[in-house]
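Asker: Below is a structure I'd like to ask you about.
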Amino acid sequence: MRADAAALHEQITASVALLRRHLDWDAAVRRLDELNARAEDPALWNDPAEAQRVMRERTRLAGQIEGVRTLEREVEDTLALIELAEAEEDEAALDAAVADLRRLAEEAKRREIESLLSGEADANDCYVEINAGAGGTEAQDWAEMLLRMYMRWAEAHGYKVTITERSDGEQAGIKSATILVSGPNAYGWLKTESGVHRLVRISPFDAAARRQTSFASVYVYPVVDDRIAIEINPADLKVDTFRASGAGGQHVNKTESGVRFTHIPTGIVVASTQDRSQHRNRAIAMEMLKARLYELELKKREAAAEAAEAGKTDIGWGHQIRSYVLQPYQLVKDLRTGVEKGNPQAVLDGDLDEFMAAALAQRVGAVRSEASAAAR
């Protein structure tokens with residue numbers, strides 16, 4: 001076998017070995033059989049909450065198992081094509097098959113990183129909150145660019161995106177926005193995006209075409225599901241209602257449907273303008289507040305358990321995680337992992353996987369197991 005194909009095969013074998021180890025393969029297959037049997041039992045649906053929990057676990061586990069099996073089948077088929085192409089000395093077919101093997105190696109690497117998403121809330125949906133920094137229109141335009149970037153990333157990966165709050169800027173962009181990203185491991189993938197993002201470009205709002213630096217913050221926190229109980233004392237809440245802004249017809253200008261909660265003990269502020277109904281916005285804002293408080297507790301636990309982790313970074317305006325430079329050169333660089341990409345437009349269109357995988361691997365201290373190392 002050609003040297004590059006052999007190297008790719010070894011890399012995939014190592015990744016698959018690690019995937020099987022993380023899943024505890026035999027136990028995972030038995031558990032899926034149990035969940036399938038429970039899902040077929042009509043009595044399960046007498047308890048909707050339990051049925052939802054079972055179906056959620058079943059979907060997650062089935063996706064992981066089938067993903068590994070599909071990867072193994074495609075690798076086997078591609079290796080057969082490589083052997084056939086080599087026997088027939090068909091260089092074009094061989095190059096195409098090696099390209100397929102390279103794609104499978106990338107897929108195996110992504111799944112390997114995804115298998116490390118074992119945190120308490122990694123499988124949950126999540127909220128992504130974006131706030132413009134100081135700088136007026138420049139920063140607000142940058143915040144909207146980030147909003148578009150995350151929405152494109154989510155949609156490209158099959159996640160559902162719902163805008164729960166949006167506050168438009170006076171001239172352009174947004175002052176703030178919050179989106180709900182729904183799908184498997186949404187929080188696990190997006191959690192490393194929390195921090196300050198810096199943009200350097202020629203200002204489209206400056207008649208003198210001067211270079212400007214803008215900042216915006218991103219904050220990611222998990223949705224609290226039915227298994228997690230968060231108690232909130234009504235006396236700890238300050239409740240404000242306001243008229244929603246932006247598109248929406250006469251209703252938004254006449255009715256105070258927007259709701260803002262301030263949690264006095266922590267200073268956490270959440271708002272919802274998603275619905276025309278103030279009652280519904282109250283419910284959405286309460287869900288967001290519970291999610292923020294839960295995420296705060298997760299951060300406390302993580303800080304206590306991993307105080308010595310060198311790669312850990314607090315969330316705040318003084319902690320930049322990534323720079324996007326459009327002028328005088330083209331480069332996006334993650335300041336935590338050192339990952340660089342020379343095509344900023346692709347990144348701003350949602351090409352974030354490499355940054356997320358590197359940050360996740362660094363955050364969990366990912367190392368190959370002895371089994372995967374032996375496979376190499």
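Asker: Quick test for you: out of L116, L81, L94, L101, pick the one residue that is in contact with a helix residue (DSSP H, G or I) (Cβ under 6 Å, 6 or more places away or on another chain) and over 30 Å from R2 (Cα atoms).
Answerer: L116
Asker: A further question on this structure: Any residue in the stretch 166-185 that is at pLDDT 90 or above, assigned to a helix (DSSP H, G or I) and of a type in the set (G, A, S)?
Answerer: The answer is no, given that none of the residues of the stretch 166-185 is at pLDDT 90 or above, assigned to a helix (DSSP H, G or I) and of a type in the set (G, A, S).
Asker: Let me ask something else about it. Mind checking which residues of the stretch 156-168 are in contact (Cβ under 8 Å) with a residue 60 or more places away in the chain, over 11 Å from I130 (Cα atoms) and open to solvent by 10 Å² or more (accessible area, probe 1.4 Å)?
Answerer: At the first step, the residues of the stretch 156-168 found to be in contact (Cβ under 8 Å) with a residue 60 or more places away in the chain are 156, 162-168.
Restricting the remaining residues to those that are over 11 Å from I130 (Cα atoms) gives 156, 162-164, 168.
Across the stretch 156-168, the qualifying residues are A156, T162, I163, D168.
Asker: Hey, can you tell me all the residues within the stretch 224-275 that are in a loop (DSSP other than H, G, I, E, B), at pLDDT 85 or above and within 23 Å of V181 (Cα to Cα)?
Answerer: Matches in the stretch 224-275: T273 only.
Asker: Given (1) among the small types (G, A, S); (2) in contact with a Gly (Cβ under 6 Å, 6 or more places away or on another chain); (3) open to solvent by 10 Å² or more (accessible area, probe 1.4 Å), identify the lone condition not met by G133.
Answerer: Single failed check for G133: (2).
Asker: Here is a further query. From E83, E50, which residue is more than 27 Å from F355 (Cα to Cα), acidic (D, E) and at pLDDT 90 or above? Don't jump to the end; show me each part of the working.
Answerer: On the way: E50 fails: at pLDDT 90 or above.
Unique residue meeting the criteria: E83.
Asker: Would a scan of the stretch 101-116 turn up a residue that is touching a residue at least 60 places away in the same chain (Cβ under 8 Å), within 21 Å of the chain's Cα centre (by Cα) and not in a helix (DSSP H, G or I)? Please lay out each step first, then the result.
Answerer: Going residue by residue through the stretch 101-116, those that are touching a residue at least 60 places away in the same chain (Cβ under 8 Å) are 101-102, 104-105, 108-116.
If we keep only those that are within 21 Å of the chain's Cα centre (by Cα) too, we end up with 108-116.
Of the ones still in play, those that are also not in a helix (DSSP H, G or I) are 115-116.
Within the stretch 101-116, one or more residues are touching a residue at least 60 places away in the same chain (Cβ under 8 Å), within 21 Å of the chain's Cα centre (by Cα) and not in a helix (DSSP H, G or I).
Asker: Can you go through Q140, Q171, Q212 and tell me which one is in contact with a strand residue (DSSP E or B) (Cβ under 7 Å, 6 or more places away or on another chain), open to solvent by 30 Å² or more (accessible area, probe 1.4 Å) and either within 22 Å of R336 (Cβ to Cβ) or among the polar types (S, T, N, Q) (or both)?
Answerer: Q212
Asker: Does D125 count as within 17 Å of the chain's Cα centre (by Cα) and touching a residue at least 60 places away in the same chain (Cβ under 8 Å)?
Answerer: Here the answer is yes, as D125 does meet what is asked.
The values are calculated or read from the model by the stated rules, or taken from the named source; none is laboratory data. Only a predicted model underlies this, so the values are computations on that prediction, with no experimental measurement involved. Ideal geometry is used to build each Cβ from the backbone, glycine not excepted, and the neighbour counts take in all protein chains shown. The protein model used for the area step is the full one, side chains on, heavy atoms only, and it has no ligands, DNA or RNA in it. Shrake-Rupley method; radii C 1.70, N 1.55, O 1.52, S 1.80 Å.
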